[in-house]
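The values are calculated or read from the model by the stated rules, or taken from the named source; none is laboratory data. The model shown is predicted, which means the values in this text are computed figures rather than measured ones. For neighbour counting, all protein chains shown are included, and Cβ atoms are generated from backbone atoms with ideal geometry for every residue, glycine included. Areas reflect the complete protein model, heavy atoms only, side chains present, ligands, DNA and RNA absent. Shrake-Rupley method; radii C 1.70, N 1.55, O 1.52, S 1.80 Å.
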Amino acid sequence: MTNTKSLTEELKQAFIELIAYQTGLDIKHREKTDFVEKIFSRMKALKLSLPEHYYHFLESATIESFKEWRKLVILLTNTDSYFFRDQGQFNVLRNHIFPEIIKRKQLNKTIRLCSAGCATGEEPYSLAILLREIIPNIEEWKIMIFGLDINQAALNKAQTGIYTSWSFRNSPAEIIQRYFLLINDHYLIDREIKQMVKFINFNLVKDPLPQFGFQLRDMDLIICRNVFIYFDVGAIAKVLDKFYHTLQPLGYLLTGHTELSSQNLNKFQTKVFPESLIYQRPLK
Ligand SMILES: C[S@@+](CC[C@H](N)C(=O)[O-])C[C@H]1O[C@@H](n2cnc3c(N)ncnc32)[C@H](O)[C@@H]1O
């Protein structure tokens, strides 16, 4: 029978590097035991007894290995999220960023937003609710909100739009009342809010951005929070460059606090609000 001892330090390191290359995820020292167990649980599911074989399988560019990556990342990612996470940042969006975008877009009435690393959907749905709260004649607008994530299990949950009270750790009671239906301890999101968000299985590190086919372009706002904390520095730089080219001029990027502290942000302008920094792609 296989056990964690059969994974040599060398092979463990090789797995860690392969995972970082494929997903950006940086397996930290403290997570290593847990990580080895996850590797072995996938091997067991595939009836593989040698970790070398699993490594080569993951490394191969085949449809089967692509499908296996989808299963492995479900084990490796943390998908914790909740509605209106970081009230201060949502206040910045409500009081400064969205009013400015809405004013600038009065003519073509089109807004594109992207929640990159959207997990189970609370973040993009919070954006949809916020826009619905502040645009009085919203039916005259074309609003596209994209939720991107590498974890298909999380996206499946996002697509159901059904949550428990744990997803409302930070939500005003009147918002819950207005946009959710309580059925047997579960909260079902309003159909119109649900229809505002399109979820896409997307690997921020590997998949190209912008993508014109999916309308993943000319974003007014990309919000990517609590994702880069799991990434290595090189992967953050790569994704940051993609975000820059996926924003339209004057489009905004909002990350978690200090998540870009290791990065060169020369291309962006920084706006400082007491509650949060926000980055903007300059006009030229
Ligand atoms: C902790 S959740 C953050 C959810 C939400 N943004 C928030 O702040 O509440 C991190 C999410 O990033 C996703 N993720 C990690 N690596 C990714 C990658 N390479 N491409 C796309 N999503 C990724 C994970 O699957 C997970 O759902």
> Looking only at region 239-260, which residues are in contact (Cβ under 8 Å) with a residue 60 or more places away in the chain and surrounded by 16 or more Cβ atoms within 10 Å (Cβ to Cβ)?
Replying inline: VAL239, PHE243, THR246, TYR252, LEU254, GLY256
>> What pairs come out if I take residues in region 22-37 that are open to solvent by 50 Å² or more (accessible area, probe 1.4 Å) and within 12 Å of the ligand (Cβ to nearest atom) and pair them with residues that are of a type in the set (Asp, Glu) and at pLDDT 80 or above whose C-beta lies under 8 Å away, six or more apart or interchain?
In response: ASP26/ASP232
> Restricting the search to region 261-284, which residues are of a type in the set (Ser, Thr, Tyr) and in contact with a strand residue (DSSP E or B) (Cβ under 8 Å, 6 or more places away or on another chain)?
Replying inline: THR270, SER276, TYR279
> If a residue has to be within 13 Å of the ligand (Cβ to nearest atom), surrounded by fewer than 19 Cβ atoms within 10 Å (Cβ to Cβ) and assigned to a loop (DSSP other than H, G, I, E, B) to count, how many in region 191-231 make the cut?
Replying inline: 5
>> Looking only at region 49-61, count every residue that is out of contact with any Ser or Thr (no Cβ under 9 Å at 6 or more places or on another chain), outside any helix (DSSP H, G or I) and open to solvent by 50 Å² or more (accessible area, probe 1.4 Å) and tell me the total.
In response: 1
> Within the bounds of region 44-59, is there any residue that is modelled with pLDDT of 95 or more, over 30 Å from ARG169 (Cβ atoms), within 16 Å of the ligand (Cβ to nearest atom) and not basic (Lys, Arg)?
Replying inline: yes
> Within region 261-270, can you find the residues that are touching a residue at least 12 places away in the same chain (Cβ under 8 Å) and either among the hydrophobic types (A, V, I, L, M, F, W, C) or not in a loop (DSSP other than H, G, I, E, B) (or both)?
Replying inline: LEU265, PHE268, GLN269
